[in-house]
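Okay, so here's the structure we're looking at.
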């Protein structure tokens, strides 16, 4: 929707004043508080026009207006364009240095820090194995009958399994497995068909195939993030804010936070986008989320999106601050993964 420059300024003033106070915004206040260079009657006409266009609404019979979901959407799209040109990062109190040894700890700290900064629910997903590739494989002979297999992925995660054999193993067989698996599987997608083809190759001798079949369980990694792969921070803040606004469907929201599957679907959509992902009010299908807005951004390595950072809060949120905080958090996790990777 195209607005005149003055209407853009008026809509922005209404949204930001309503975010700050929670009270409907009238033409008299705008005329006194903002220098639009026009009479109050002109501002009233602009407000009426934007109400007809569905950007503003009357909550009561008073002259004040409040933003609709479409009004928030128009405002947020402008904010995103501005931040793309002139990013304004926020400093977050996530101690990545202390968390480098454990990626999950870094994700958890990011969720907690983002929740503190925004005073809303922050959700950080672990790297999606559906987008992750195998970076390196080690096959180590610990004892004559004991082998450890280590699988390192592009997301920085490390999986290891130990296997015990009935007979002592030849070191040449161990070296063959290490070289063969790295040649065939380095760069292969976790859970992809290349893994099956490597273990089922007709070129393998019987002894080699028997050994690889034994260690194959080390490569059975989860293909998609499950509910346990979400780090949530600040759920009480979200519930409290919605309760104060008298929002219905809180039971549905609480169930969603407990089960997390619908959140996963939302974040899976966000994972496919390179820019900030926004869903406002009725743009979300779940009724329990239609009093909320979701701001999300992806993080990853080497032009691959591996996980998401997001904030879920009331539609009356400080979008400029939240978008900046989410972007900054996602960029921080990308830098961390680049170091690990």
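Hey, among the residues in region 222-239 that are surrounded by fewer than 19 Cβ atoms within 10 Å (Cβ to Cβ) and modelled with pLDDT under 80, which one's farthest from residue 165 (Cα to Cα)?
Looking only at region 222-239, we keep the residues that are surrounded by fewer than 19 Cβ atoms within 10 Å (Cβ to Cβ), and these are 222-224, 226-228, 232, 235-237, 239.
Cutting the leftovers down to modelled with pLDDT under 80 gives us 222-224, 226-228.
Numbers: 222: 26, 223: 28, 224: 31, 226: 33, 227: 35, 228: 33 Å.
Among those residues, the one meeting the criterion is 227.
I need a count of the residues in region 5-17 that are without any contact (Cβ under 8 Å) to a residue 40 or more places away in the chain and more than 32 Å from the chain's Cα centre (by Cα).
Of the residues in region 5-17, 1 are without any contact (Cβ under 8 Å) to a residue 40 or more places away in the chain and more than 32 Å from the chain's Cα centre (by Cα).
Conditions first: (1) in a loop (DSSP other than H, G, I, E, B); (2) at pLDDT below 90. Residue 106 passes all but one, so which condition is the exception?
(1)
Testing residue 299 on (1) in contact with a helix residue (DSSP H, G or I) (Cβ under 8 Å, 6 or more places away or on another chain); (2) assigned to a helix (DSSP H, G or I), one condition comes back false. Which one is that?
Condition (2) is where residue 299 drops out.
Considering only residues that are under 17 Å from residue 23 (Cβ atoms) and either outside the structural domain of residue 12 (by TED's automatic domain parsing) or touching a residue at least 12 places away in the same chain (Cβ under 8 Å) (or both), which ones fall in region 58-79?
58, 59, 60, 62, 63, 64, 65, 66, 67, 68, 71, 72 - these are the residues of region 58-79 that are under 17 Å from residue 23 (Cβ atoms) and either outside the structural domain of residue 12 (by TED's automatic domain parsing) or touching a residue at least 12 places away in the same chain (Cβ under 8 Å) (or both).
So residue 219 clears everything in (1) more than 30 Å from residue 327 (Cα to Cα); (2) touching a strand residue (DSSP E or B) at 6+ places or on another chain (Cβ under 6 Å); (3) at pLDDT below 90 except one condition, right? Which one?
(2) is the only condition that residue 219 fails.
Does residue 291 qualify as being surrounded by 24 or more Cβ atoms within 10 Å (Cβ to Cβ) and in contact with a strand residue (DSSP E or B) (Cβ under 8 Å, 6 or more places away or on another chain)?
no
Does residue 308 satisfy the criteria of being in contact (Cβ under 8 Å) with a residue 40 or more places away in the chain and in a strand (DSSP E or B)?
Yes.
Out of the residues in region 18-29 that are under 12 Å from residue 56 (Cβ atoms) and over 28 Å from the mean Cα position of the chain (by Cα), state the one that is surrounded by the most Cβ atoms within 10 Å (Cβ to Cβ).
My answer is 25.
Mind telling me which of the residues 259, 283 ends up being touching a helix residue (DSSP H, G or I) at 6+ places or on another chain (Cβ under 8 Å), at pLDDT 90 or above and not assigned by TED's automatic domain parsing to the domain that holds residue 146?
Going through 259, 283 in turn, just one is touching a helix residue (DSSP H, G or I) at 6+ places or on another chain (Cβ under 8 Å), at pLDDT 90 or above and not assigned by TED's automatic domain parsing to the domain that holds residue 146: 283.
If residue 274 satisfies every condition in (1) touching a strand residue (DSSP E or B) at 6+ places or on another chain (Cβ under 8 Å); (2) over 23 Å from residue 57 (Cβ atoms); (3) surrounded by fewer than 19 Cβ atoms within 10 Å (Cβ to Cβ); (4) modelled with pLDDT of 90 or more but one, which is the exception?
Residue 274 satisfies all of (1) touching a strand residue (DSSP E or B) at 6+ places or on another chain (Cβ under 8 Å); (2) over 23 Å from residue 57 (Cβ atoms); (3) surrounded by fewer than 19 Cβ atoms within 10 Å (Cβ to Cβ); (4) modelled with pLDDT of 90 or more except (4).
Residue 13 versus (1) at pLDDT 85 or above; (2) assigned by TED's automatic domain parsing to the domain that holds residue 306: which is the lone unmet condition?
Residue 13 satisfies all of (1) at pLDDT 85 or above; (2) assigned by TED's automatic domain parsing to the domain that holds residue 306 except (2).
Would region 56-72 turn up any residue that is modelled with pLDDT of 85 or more, farther than 30 Å from residue 333 by Cβ and surrounded by fewer than 14 Cβ atoms within 10 Å (Cβ to Cβ)?
yes
Quick check on residue 269: is it part of a loop (DSSP other than H, G, I, E, B), at pLDDT 75 or above, in the same structural domain as residue 238 (by TED's automatic domain parsing) and closer than 25 Å to residue 331 by Cα?
Here the answer is no, as residue 269 does not meet what is asked.
Could you check how many residues of region 118-144 are part of a strand (DSSP E or B) and at pLDDT 90 or above?
Total satisfying the criteria: 11.
The values are calculated or read from the model by the stated rules, or taken from the named source; none is laboratory data. Predicted, not measured: the structure shown is a model, and the values here were computed from it. Please note: Cβ atoms are built from the backbone with ideal geometry, for glycine as well, and neighbour counts cover all protein chains shown.
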